[in-house]
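The values are calculated or read from the model by the stated rules, or taken from the named source; none is laboratory data. None of the values given here were measured: they were computed from a predicted structure. All Cβ positions, glycine included, derive from the backbone under ideal geometry; neighbour counts span all protein chains shown.
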Amino acid sequence: MARGSRYKVSFRRRREGKTDYKARLSLIDIDKSRLVVRITNNHVIAQVINVAEMGDETLVSAHSKELEKMGWKAGTKNTAAAYLTGYLCAKKALSKGIEYAVLDIGLKSSIRGSKIFAVLKGAADAGLNVPHGESILPDESRIKGEHIAEYAQSLDDEQLKQKFSQYLDKGISPSDLPEHFEEIRKKIDEAEV
């Protein structure tokens with residue numbers, strides 16, 4: 001009697017560290033839309049996704065690159081950009097009649113005040129109903145970039161040019177970030193999404 005191996009090879013995406021199938025299965029079971037948040041090396045992506053028979057169906061998507069088209073001059077991966085991406089995604093979802101979603105953070109760790117929860121706060125502030133506790137959300141001052149503005153004001157001109165060269169190259173002073181943030185949020189409110 002021939003015997004095969006006793007071990008079972010796990011799914012490729014699990015081996016690559018891309019999918020936690022146990023967590024995914026629990027999210028699929030609830031039969032609700034998911035607010036999927038992914039943070040890459042340079043950008044923030046927020047999507048509202050439904051589970052379909054042939055695979056996931058993306059209903060709405062927002063990418064932090066879209067903020068640049070609206071005039072955003074700061075970084076596309078910082079906490080302010082994460083909030084605005086979530087805000088934009090929620091506005092798009094509401095315009096399509098989606099009012100409820102469950103947060104899906106994938107394999108990221110659940111760290112209080114992180115960029116993932118800045119996206120969640122943006123979506124909730126825009127009117128999308130996403131169940132959450134208030135204690136995990138970042139401070140309003142952090143979302144607006146006030147900590148960056150305060151730090152930039154404490155530097156002399158040479159240090160400012162060295163540490164914030166990308167901001168200055170794009171034509172924005174880091175100390176103006178909170179006002180710029182409000183300006184872009186107002187543009188998202190006025191936009192036809």
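Side notes on the structure shown:
- Criterion applied to Ala81, Ala62 was being in a helix (DSSP H, G or I) and within 30 Å of Glu183 (Cβ to Cβ), and the one residue passing it is Ala81.
- Of the set (1) out of contact with any Pro (no Cβ under 9 Å at 6 or more places or on another chain); (2) surrounded by 15 or more Cβ atoms within 10 Å (Cβ to Cβ); (3) assigned to a loop (DSSP other than H, G, I, E, B), all apply to Lys108 but (2).
- Residues within the stretch 133-176 that are at positive phi and surrounded by 15 or more Cβ atoms within 10 Å (Cβ to Cβ), tallied: 1
- Considering the conditions (1) under 30 Å from Glu179 (Cβ atoms); (2) in a loop (DSSP other than H, G, I, E, B), Ala90 is excluded by exactly one of them, (2).
- Every pair of residues 6+ apart whose Cβ atoms lie under 8 Å, when the first sits in the stretch 159-182 and is in contact (Cβ under 8 Å) with a residue 24 or more places away in the chain while the second is in a loop (DSSP other than H, G, I, E, B) and of a type in the set (Phe, Trp, Tyr): Pro174/Phe164; His180/Trp72
- Scan of the stretch 122-131 for residues that are surrounded by fewer than 24 Cβ atoms within 10 Å (Cβ to Cβ) and either touching a helix residue (DSSP H, G or I) at 6+ places or on another chain (Cβ under 6 Å) or touching a residue at least 60 places away in the same chain (Cβ under 8 Å) (or both), ordered by number: Ala126, Gly127, Val130
- Residues of the stretch 137-158 satisfying the condition of being modelled with pLDDT under 95 and either among the aliphatic types (A, V, I, L, M) or within 28 Å of Gly97 (Cβ to Cβ) (or both): Ile148, Ala149, Ala152, Leu155
- For the stretch 177-193, residues that are surrounded by fewer than 19 Cβ atoms within 10 Å (Cβ to Cβ), touching a Gly at 6+ places or on another chain (Cβ under 8 Å) and closer than 13 Å to Lys69 by Cα total 1.
- Restricting the stretch 65-78 to residues that are part of a loop (DSSP other than H, G, I, E, B) and of a type in the set (D, E, K, R) leaves a set whose member that is farthest from the chain's Cα centre (by Cα) is Lys73.
- Some residue of the stretch 42-56 being loosely packed, with under 15 Cβ neighbours inside 10 Å, touching a residue at least 24 places away in the same chain (Cβ under 8 Å) and within 13 Å of the chain's Cα centre (by Cα): yes
- Criterion (among the aliphatic types (A, V, I, L, M) and modelled with pLDDT under 95) met by exactly one of Ile28, Ile45: Ile28
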